[in-house]
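The values are calculated or read from the model by the stated rules, or taken from the named source; none is laboratory data. No experiment lies behind these values; they were computed from the predicted model shown. Neighbour counts run over all protein chains shown; Cβ positions are idealised from the backbone, glycine included.
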Amino acid sequence: MKRINDLLFIASLLIIGCKDPIPAPDPAVLISPEASVSCLYVPLSTATANVVFSWQEALNTDDYLLKVRNETSGIETATPTENTSLRLTLDRGQIYGWKVVSRSEASAEESESETRYFFLEAQQQYSHLPFPAKLIAPEQDAVVQLNNGSVNFNWEGADLDNDISSYTLLIGASEDTLEEVATGLTGVNYSTSLAGGNQYYWQVITTDSEENQSSSLIFYFQTAP
């Protein structure tokens, strides 16, 4: 009888060990506001307006965290919701970045959507701020092979007025030590010499003809030895 009980105990452990792992929540797919657009939703006053954020339902998700960042002030809000849309009151005449974090009660993991940017129009807006540049290469947390000792940087710029005048490329060993490597760039590519086997951070500042500026996200990468 003891041997039978032992076998049953071992069998139960095998069944428990073969259970499927708890799936992480899927990233949400953003719907509105669209990327790099100028929008004005339900103006409340000359200073504020209501903006409706929406996204597709994500699998394995119990609730969401909507994060909206004022790119001018750097202030970010995080609002939880179980729905796939949310209305927020925002200051007009500002560029905003937004993303959605999917969360699950069954998993400690969280998944982030892409980040989108939009401009919330002011009452009378004659000159729009340029959108933050979208960094393309080197990608976040990439390992980059040096090409004759150099690394090529590539990004995309956008402005509703189509009056981007220049870009500034910053590189540093940390986010706090970024330094201007090249200014007055009119293209979206730039190569510079870097040491192998190091970690670097990079950012692009976009300037338009009215001297309005916006700063991109900060990416980091490793150079191969």
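Residues in region 82-90: is at least one in contact with a strand residue (DSSP E or B) (Cβ under 8 Å, 6 or more places away or on another chain), within 25 Å of SER215 (Cβ to Cβ) and surrounded by 14 or more Cβ atoms within 10 Å (Cβ to Cβ)?
Looking through region 82-90, at least one residue is in contact with a strand residue (DSSP E or B) (Cβ under 8 Å, 6 or more places away or on another chain), within 25 Å of SER215 (Cβ to Cβ) and surrounded by 14 or more Cβ atoms within 10 Å (Cβ to Cβ).
Please specify each residue of region 93-109 satisfying the condition of being surrounded by fewer than 16 Cβ atoms within 10 Å (Cβ to Cβ) and touching a residue at least 12 places away in the same chain (Cβ under 8 Å).
Correct list: GLU105, ALA106, GLU109.
Restricting region 1-54 to residues that are modelled with pLDDT of 85 or more and of a type in the set (Asp, Glu), which is farthest from VAL101 (Cα to Cα)?
Per the stated criteria, the residue is GLU34.
Please determine, by comparing only the residues of region 176-196 that are part of a strand (DSSP E or B), in contact (Cβ under 8 Å) with a residue 12 or more places away in the chain and within 23 Å of the chain's Cα centre (by Cα), which one is surrounded by the fewest Cβ atoms within 10 Å (Cβ to Cβ).
GLU180
Select from region 118-150 the residues that are closer than 20 Å to ALA224 by Cα and either among the basic types (Lys, Arg) or over 23 Å from the mean Cα position of the chain (by Cα) (or both) and list them in ascending order.
Result: GLN145, LEU146, ASN147, ASN148, GLY149, SER150.
Mind listing whichever residues of region 197-214 are closer than 25 Å to ILE95 by Cβ and surrounded by 17 or more Cβ atoms within 10 Å (Cβ to Cβ)?
Passing the criteria: TYR201, TRP202, GLN203, VAL204, ILE205, THR206, THR207, ASP208, ASN212, SER214.
Could you tell me which residue of region 55-81 is modelled with the highest pLDDT, considering only residues that are closer than 17 Å to GLU121 by Cα, crowded, with 17+ Cβ neighbours inside 10 Å and of a type outside the set (A, V, I, L, M)?
If we take residues in region 55-81 being closer than 17 Å to GLU121 by Cα, crowded, with 17+ Cβ neighbours inside 10 Å and of a type outside the set (A, V, I, L, M), then ARG69 is modelled with the highest pLDDT.
Which members of region 197-214 meet the condition of being small (Gly, Ala, Ser) and either closer than 15 Å to ALA158 by Cβ or under 20 Å from the mean Cα position of the chain (by Cα) (or both)?
SER209, SER214
Name the one entry in LEU90, LEU66 that is in contact (Cβ under 8 Å) with a residue 40 or more places away in the chain and of a type outside the set (S, T, N, Q).
Exactly one residue qualifies, and that residue is LEU90.
So in region 158-173, with the set limited to residues that are at pLDDT below 95 and within 19 Å of the chain's Cα centre (by Cα), which one is surrounded by the fewest Cβ atoms within 10 Å (Cβ to Cβ)?
Going through the qualifying residues, I end up with ALA158.
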